[in-house]
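Working notes for the structure below.
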């Protein structure tokens, strides 16, 4: 669009002026019609009022209405149109002037643009030159670098070539060796295969033999197992019998031991009772029927920690009880049990001196 | 208590028959009265002790003088300055009972006077059960404070703790006997009879003349006090139940008469001066009556006199000799001896009904009955051959001979019934002896220069 405007500035301006003119005309026409519409509306209102009045009161025959055209008003209207015409002309003149001015400005702008463009081109040229210069320098160094690199590359290529040749030679050598090896390997493989075949055959033979042997063995084992089973059954029965016997004898032994311990316990308590009796003495005259239970608390070393005189009969006097208690203390240390497990911390026995 | 007739006979003859024949002639025999100035203490010999006497430690009492300046602190003074060796008195008491064996001072490992100073193990090692220790504190002005601690060595505690204040020197021995009593009671369950008195009659022959003295002494023979002195026989002392008076037979008026005399000598009364024999007085347990032997109606019979009125109740009416009455402990009957069956045996007469039962059957001679304070035992002079003290258990009728001494007579029970004091004859001289009723211990009491007879053990002292 801009390019179009730049290319055809006069035609554009003319078109613009034409459009503006048309626009002005249209605007003016639209304003007039709105004015007349307003008046028409007023007249209608008045008639409506009249109609209402008539409707409300009575029908009155209206006299014919006439419009008197005011010459002043027409004049005014003409003047106003003329003013508008002149204003339009003025506007056109102003627009033409403006267009000229604009054209002038555009020309100048174009000139300035050209100048600036020239300047810019110059500057671009300079920078391009500069760039070229540096580029040349860079290229120079690059070329040098490439040269050395090329030299290097060539050297390495040379080397590679030599290497590859050497490698080739080696490869060939290796290949021959490999071939030799492969040959050997193939030989070996065949030998091995043969051997394996042999071994396999041997194994098969052995396996057959083994199976036969195993079979035989299994049979023997089965017999053996059968035999063992029988023996085991016998043994189990014997063991059970033995166990039963053992249990019986253990129970018997336990009973015996229990009885033994019981009798030992009796002996133990009797030995304590006897020692207390030995140590019994009193200046008091004691009834021969006096009797009490002595409840002695002792330490494992037989030292007496407490003595309680309980369950006395009616013959047991205070002196009897005192003397009994003293006899216990006098019996320290109390006799040790014949078996350690028989030790009792609290011992109670009937006491009758 | 012994009867006049039997007692005098035993001085000269040793058979009951002769004694009985000589009865009347002796009562007519008179002697002149005279005073014996010297009082000899009885010495006691323990002839037999228990086999199983209990060892006991009686530690010498500490002696302290209470300073008048600082009454709180007191100074310990060597016990040799102590006014009385209380430990010695107590040890002797306990030894005499036969049930204890007090250690000698040399055997004691220490002399503690206070609980703090007591090492129980040290004493237990001596096989001891008990230990007594204490202090005499001199309050000044001849008065003392006494403290006792009786310890249980086995159970490690104090059994008895007691203190006496303001005791005059003359009473210190009595306090010691009280301590013995407490210990004895604690250990035997029986009240001790150490703090009691005995009465007896001593006979000294000076220049061919006989000197009789009725004496009262402590149970251990110490503190002898003369009650009556006479050159005529004094016999059969009997204690009033309150321990303040004695009834006895005195020949001072030329024949046997019964007197009652207070121990302090302020009171003396001739209560029986009937024709014939007035003998063998015995105080009733309630102290209101006196049983006696009177022969005012011909033969010797048992009478009971109401002391207030002097009224007599005759309990026996036989031609035979009935004498030596002893009261049952309940005061409702009397035991006496009678030869109504030929030989003297003990009978019992009931005051209410006059019913008479024979009590003794063992042996051919049982006389001079005495009843134990609990009424269970009857002691007597028993003879099958020789005269010994016999004991009959009235509950079980079990009879035992307790003594093996010679010519025993006049048994008398200690107030606790544990011992019997009696008279016997050794080397031709009268001595006293004590035997336990179980017969397990005995001892003799004798005076230095004379004979001692007619013992009677007094009641408990009232304090």
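The values are calculated or read from the model by the stated rules, or taken from the named source; none is laboratory data. Note that the coordinates shown come from a computational prediction; the quantities given were computed from them, not determined experimentally. Methodologically, a virtual Cβ is constructed for each residue, glycine included, from the backbone with ideal geometry; neighbour enumeration extends over all protein chains shown.
In summary, residue A:265 fulfils each of the numbered conditions (1) within 11 Å of another protein chain (Cβ to nearest Cβ); (2) farther than 30 Å from residue B:190 by Cα with the single exception of condition (1).
Within the stretch B:95-131, the set of residues being within 14 Å of chain A (Cβ to nearest Cβ) and under 24 Å from residue B:165 (Cα atoms) comprises just one member, B:131.
Does the stretch B:205-227 include one or more residues that are over 28 Å from residue B:373 (Cβ atoms), away from every other protein chain (no Cβ under 14 Å) and in contact with a helix residue (DSSP H, G or I) (Cβ under 9 Å, 6 or more places away or on another chain)?
Filtering the stretch B:205-227 down to residues over 28 Å from residue B:373 (Cβ atoms) leaves B:205-212.
Applying the additional criterion that residues be away from every other protein chain (no Cβ under 14 Å) yields B:205-212.
The next check asks that each one be in contact with a helix residue (DSSP H, G or I) (Cβ under 9 Å, 6 or more places away or on another chain); those that pass are none.
Scanning the stretch B:205-227 turns up no residue that is over 28 Å from residue B:373 (Cβ atoms), away from every other protein chain (no Cβ under 14 Å) and in contact with a helix residue (DSSP H, G or I) (Cβ under 9 Å, 6 or more places away or on another chain).
Checking each residue of the stretch B:174-190 against the condition of being closer than 30 Å to residue A:303 by Cα, away from chain A (no Cβ under 14 Å) and in contact with a helix residue (DSSP H, G or I) (Cβ under 9 Å, 6 or more places away or on another chain) gives no match.
Taking the conditions exactly as written (modelled with pLDDT of 95 or more and within 14 Å of chain A (Cβ to nearest Cβ)), does residue B:160 satisfy them or not?
Against the criterion (modelled with pLDDT of 95 or more and within 14 Å of chain A (Cβ to nearest Cβ)), residue B:160 qualifies.
The condition (being surrounded by 11 or more Cβ atoms within 10 Å (Cβ to Cβ) and either under 30 Å from residue A:343 (Cα atoms) or away from every other protein chain (no Cβ under 14 Å) (or both)) is satisfied by just one residue among A:232, A:252: A:232. For the stretch B:166-193, the set of residues classified as at pLDDT 95 or above and part of a loop (DSSP other than H, G, I, E, B) is empty.
One residue stands out in the stretch A:286-339 among those that are within 11 Å of chain B (Cβ to nearest Cβ) and in contact with a helix residue (DSSP H, G or I) (Cβ under 7 Å, 6 or more places away or on another chain): the one that is farthest from residue B:127 (Cα to Cα), namely A:286.
Checked across the stretch A:275-285, the condition of being modelled with pLDDT of 85 or more and either more than 14 Å from every other protein chain (Cβ to nearest Cβ) or farther than 30 Å from residue B:184 by Cα (or both) holds for at least one residue.
When the stretch B:273-288 is filtered for residues that are over 26 Å from the mean Cα position of the chain (by Cα) and surrounded by fewer than 16 Cβ atoms within 10 Å (Cβ to Cβ), the ones remaining, listed by number, are B:273, B:275.
Please pick out the residue among B:304, B:249 that is in contact with a helix residue (DSSP H, G or I) (Cβ under 7 Å, 6 or more places away or on another chain), at pLDDT 95 or above and assigned by TED's automatic domain parsing to the domain that holds residue B:365.
Values: B:304 fails: in contact with a helix residue (DSSP H, G or I) (Cβ under 7 Å, 6 or more places away or on another chain).
It is B:249.
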